[in-house]
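Right, one structure below, let's go through it.
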Amino acid sequence: MRKSLLAAVLVVSLKEAQAQSAGAFFRKPRIAIDIAPQYSHQYTRWSIAGNAAGTNPNVLSELIWKDIQTAGLLSTATIHVNPSWFIRGEASWSGIISGTATDRDYGKDNRSEMLYNGFFDAGKGRVFEVKAGLGYEWHFNNDYVLQFNPDFVYQTQNLYLLPADANTPSNLRSTYNQQWKGVQLKVNFKIPLYSKFFLHPNIAYTQLRYNAVADWNMVPSFQHPISFKHQANGYQIQPGLKLQFANKVFIQLQAAWWHTGAGREWLYMANDDVHTTKLNEVYRRAFTVQVGVPIAVLQ
């Protein structure tokens, strides 16, 4: 009788311990959403050589989009499945509201003997990014938090060459559509300052695959709507700084640099010929300001 009673107590205790352990790990999720209008100032540059070997000349054509200003919205959703593990998704969309572009062609190495110098309006287009991943966070003294999360990243940027003045054909509408995708590793710190202010310094590194498709609509010797394609491997570095007050409002500053190594261009001619040449590099940078409000959906 005494042994049976002891066994029953042991079984009940084990079931309670298992329930408490499972409850600690699979507790009711805590969901938070951040909504933030954002402004960004961007720059993009790429160039190609005269042939696949990178010569004749080493820079044949160079395109630059500068002073690209965008305005849009950032939305972030974080699901804390327990005190340490979380799932995070982020999406941002911006429209290009102003900017300019240049297209220069050269006859000799190192950008000498300029053959063409075009100036264009670039105040149209859009920028889109989505990322999602699983993260882990460490808590120190209840207030300090260190987060580490890998993400899958998908980014697009749609750029235009448009008439800048009366000397440019009015039906010019050339497009250059960029796509970056890869895996990002991000580290984020939460540091209490004073009262209810918190500082979040963060940095992210992304290994990327780059693809682009262009339609040079005013060149009759090129195919349309796909005139040429670009492909290369690259990376992105993105440091940021976020200041948050009492979980009510935050301001975030971000900088980002994208850079590829050498790649390939495939130029599609109207007579069905395909010319291959060296893509020297693609370089892009952006500086972004976000002002937002955190929303606790489920606590």
Rounded to the nearest 5, what % of the DSSP beta bridges within the chain are antiparallel ones? 100 percent
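So, in the stretch 150-299, how many Lys pairs have Cα atoms under 19 Å apart, if the pair is 8 or more places apart or on different chains? Write out the running numbers ahead of the final one.
Numbers: 181/229; 186/242; 190/242; 190/248; 196/242; 196/248; 229/278.
For the stretch 150-299, the number of qualifying lysine pairs is 7.
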DSSP loop (so not H, G, I, E, B), at most 16 other Cβ within 10 Å: list which trypsin sites (Lys or Arg not before Pro) in the stretch 225-299 pass both filters. 248
Note to self: C-alpha centroids of the stretch 47-107 and the stretch 163-193 sit apart, in Å, by 3 Å
Can you list which of the chymotrypsin sites (Phe, Trp or Tyr not before Pro) found in the stretch 166-217 are DSSP loop residues with at most 16 other C-beta atoms within 10 Å? 194
Output the relative contact order of the chain, whole-number percent, from Cα pairs under 8 angstrom with separation of 6+ residues. 18 percent
With axes computed from alpha carbons, what is the tilt in degrees of helix 2-25 against the longest principal axis of the chain, rounded to the nearest 10 within 0 to 90? 30 degrees
Counting residues in the chain as N, plug N into 2.2 N^0.38 Å and put the Cα Rg over that result. 1.35
Residues with amide H under 5 Å of residue 109's amide H, sequence separation 5 or more or different chain, H placed in the peptide plane at 1.01 Å from N; which? 58
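Rule-based calculations on the coordinates, nothing more; no lab input. Predicted model only: the values in this text are computed from it and were never measured. Neighbour counts run over all protein chains shown; Cβ positions are idealised from the backbone, glycine included.
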